[in-house]
Structures are given as structure tokens and as C-alpha cells.
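The values are calculated or read from the model by the stated rules, or taken from the named source; none is laboratory data. Quantities reported herein were computed from a predicted structural model and do not represent experimental measurements. Positions of Cβ are generated from backbone atoms using ideal geometry, with glycine treated the same way; all protein chains shown enter the neighbour counts.
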Amino acid sequence: METVVSGIRPTGNLHLGNYFGALRNFLTMQNEHNCYFFIADYHSLTTHPTPGDLHGNVRQILVEYLAAGLDPEKATLYIQSDVPEVAELYLFLNMNAYIGELERCTSFKDKIRQQPENVNAGLLTYPTLMAADILIHRATKVPVGKDQEQHLEMTRTFGNRFNRLYNVDYFPEPQAFNFGNELVKIPGLNGSGKMGKSEGEGNAIYFADEPEAIRKKVMKAVTDSGPTEPNQARPDAIQNIFQLLKVVSAPETYNFFDEMYNTCQIRYGDMKKQLAVDMIAFTEPMRERIKAISADEAYVSKVARLGKEKAQENASKTIREVREIIGFKRF
Ligand code: TYM
């Protein structure tokens, strides 16, 4: 049995990228492994949310985890800030994380470009906090999308460095995981290669979106004037739409439009209409459950309390052992 850890930042609602990159794996893994799934609210502080927004977003992701089918009896579902042991491990790991390697991290370089006015130390040390999330449970598998691959590599570096420094074999090497083997990257609708919360208006399809909002976003997706030669290579924006069809539509639907493209008969309007219909159908059951679970205040609180208890039990054991290894011994 593997120990599995993964998390999602509460900076907006869940989108299809989160689902196909991470959540879909959570749902199968919870049946077979020892799973810890959390809401990365410490991480979200790098963007300085207001207290009201922070709380609302954390609650929304918790509700969406449950609506997707995560079972708090099988997996441990918790809120990162309910387990301050994570922050202590983050401090220890930061003592042997080097500025150079943190500065070279791709996600940090992206942030410098995206938000030059807010390059805070939390962004620089984002990979150490993520390593603490994973190492606190001594995880072996981490279901994530392709964008998190480098962070996992850094987690292994920090864990191995700790082991070497103290001459122990304490932290196992966690591996990024997707049950299709390849890590995935779901594209956005506005020509962006990645569906994401910070990728601009109209880029992401959220489970909580109403059908009309989904239809509008899909119909606005970037296209071009169409192929002029049979079997022509597809520009990125068109390839993105095909990739989205592949994940939400039936194989026959995908094959039909694929054939239409290759024979230069494609009508993008028809393809987008079909994609919108399929996305609305795909998200429908979850949309309904989100509403029902969100209304059940007592249940949501109970799940959060149970998760905190279970996650802290394991995290405090790790912290006790790590303190001992470092040399913080009781007098
Ligand atoms: P976050 O909140 O950006 O995304 C949550 C999960 O969704 C995946 N994902 C995608 N996968 C495929 N295609 C996409 N377009 C797409 N967009 C998002 C992400 O890969 C991720 O698995 N740093 C993490 C959160 C985190 C974490 C951790 C994850 C903090 N600590 C420890 C695992 C283990 C993040 O920002 O994910």
C-alpha cells in the first residue's frame, strides 16, 4: 500500500484541469491506498487574499472534493493550515534549500514575469512548502498534473538532502503519479496551453459554472479560418479544442471531428457546440452535488474536524521523529 499526498490551492473554483490532472486520480486511489488530500491554503497566501475570500475559497474546494466523490471515511481530507506541523517542517527544510535552486525553479520565474510587483519570499520558497506537505506524511505517490513535475523533483532533492545530512533513511522518494502513466496538461479555451485560474478570462471551465456560462466560454474559444489541405498540422489553439473533446466527449465524437478536419470539411461552430454540450453533461452531476453539499453546514464542519484530527495524528508523529533526528532532544 502506498502513502499518497496531494493538494489543490484554494484560489478559485475547481476546473477541468484540476479534475483530469489530479482529482480523477484521487477518486481511484482512495480505494486502494493510504491517502491524504488537502486544501493548500498556506500556499494561497502568496496572492494576499482577503480573510473573507480565503475562507470562502477553502470551503468551496472542500465542498467540491466531496461533490467529486472523495470519501472522508476512506481518505484523510484536510485543510493545510489545520496542520501547523507542516509549517514547522517547512522551516526545517528551508534551512537546507539553496537560493540558487529556488530561483531556477520554472514556476518562480513565471511568477516574476506575471507579477513583478509581488515577488515575495513565499513564492521563492513555494517548493519547500510543497515538499513539507508531501514529506510530512512520508508519501511515496503524488497524483498531480504535468505542471507540478519540477516541484516533485525538488521534493526528492530536499528529502534526500535531509537523509544525507543526518545520515538517516527517513524520507522515501515520492513519485509524481497519473494512472495513465503520463502526467497530463489540460489546455485552456483562450489559446493558452494550460487551463488555469491565473490564465485569463474565459480560459477555464469550472464545475460550479452554470450551463450557459460554459456554453459562452466554449463558443468564444479561439479558432482560425480552417484547414486548406488534407491532414494539415493543427495550430495550437485548434489542437487544444481537440484535446478537450478527447477528455469529455465520446470517442465517436472525437473521431468524427478529427476526420472532418483531415478532409477539410470541419465547421468549428459545430465542433464547439458539441464540445459545450458534452462539457455541460460531464459537469452536470457534480454541479448538482456542489449545491446540495454546500447547503449542509454541519456535514462540511464535521468533515473538516475529522480530517484535521487524522492528518495531525500522522504529521505530529513525523515532526516528533524529525526533531529527534535534528537533535532537538528533550531535557
Ligand atoms: P494547483 O492548485 O494549481 O492545481 C491543483 C492540481 O491540479 C493540477 N492541474 C492541472 N493538471 C492538468 N492540466 C491542467 N491544466 C491543470 N491545472 C491544474 C495540478 O497539477 C495540481 O495537481 N502546488 C500545487 C498544490 C500543492 C500540492 C502540494 C500538490 C501544494 N502542495 C503537495 C501536491 C502535493 C498547485 O499549485 O496546484
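Taking the stretch 142-173 on its own, how many of its residues are in a helix (DSSP H, G or I) and more than 14 Å from LEU93 (Cβ to Cβ)?
7
Would you call SER6 polar (S, T, N, Q) and more than 8 Å from the ligand (Cβ to nearest atom)?
Judged against the criteria, SER6 is not a match.
Let me confirm something: among HIS43, HIS55, which residue is surrounded by fewer than 19 Cβ atoms within 10 Å (Cβ to Cβ) and part of a helix (DSSP H, G or I)?
HIS55
Give the number of residues within the stretch 1-17 that are part of a helix (DSSP H, G or I) and without any contact (Cβ under 8 Å) to a residue 60 or more places away in the chain.
Summing the residues that are part of a helix (DSSP H, G or I) and without any contact (Cβ under 8 Å) to a residue 60 or more places away in the chain in the stretch 1-17 gives 0.
Scanning for something more than 30 Å from the chain's Cα centre (by Cα) and modelled with pLDDT of 95 or more, does the stretch 235-257 turn up at least one residue?
yes
Considering THR228, THR223, which residue is touching a Phe, Trp or Tyr at 6+ places or on another chain (Cβ under 8 Å) and among the β-branched types (Val, Ile, Thr)? Write out each step before concluding.
Details: THR228 fails: touching a Phe, Trp or Tyr at 6+ places or on another chain (Cβ under 8 Å).
Being touching a Phe, Trp or Tyr at 6+ places or on another chain (Cβ under 8 Å) and among the β-branched types (Val, Ile, Thr) holds for just one of THR228, THR223, which is THR223.
Only one of ALA139, ALA97, ALA176 is among the hydrophobic types (A, V, I, L, M, F, W, C), more than 21 Å from PHE37 (Cβ to Cβ), modelled with pLDDT of 95 or more and not in a helix (DSSP H, G or I); which?
ALA97
Are any residues in the stretch 104-123 β-branched (Val, Ile, Thr) and either within 18 Å of SER44 (Cβ to Cβ) or surrounded by fewer than 12 Cβ atoms within 10 Å (Cβ to Cβ) (or both), and if so, which ones?
Selection gives THR106, VAL119.
Being closer than 30 Å to PHE38 by Cβ and either assigned to a helix (DSSP H, G or I) or touching a residue at least 40 places away in the same chain (Cβ under 8 Å) (or both): is that true of LEU275 here?
no
Give the residues of the stretch 183-195 that are surrounded by fewer than 20 Cβ atoms within 10 Å (Cβ to Cβ) and at pLDDT 90 or above, sorted by residue number.
Of everything in the stretch 183-195, those that are surrounded by fewer than 20 Cβ atoms within 10 Å (Cβ to Cβ) and at pLDDT 90 or above turn out to be LEU183, VAL184, LYS185, LYS194.
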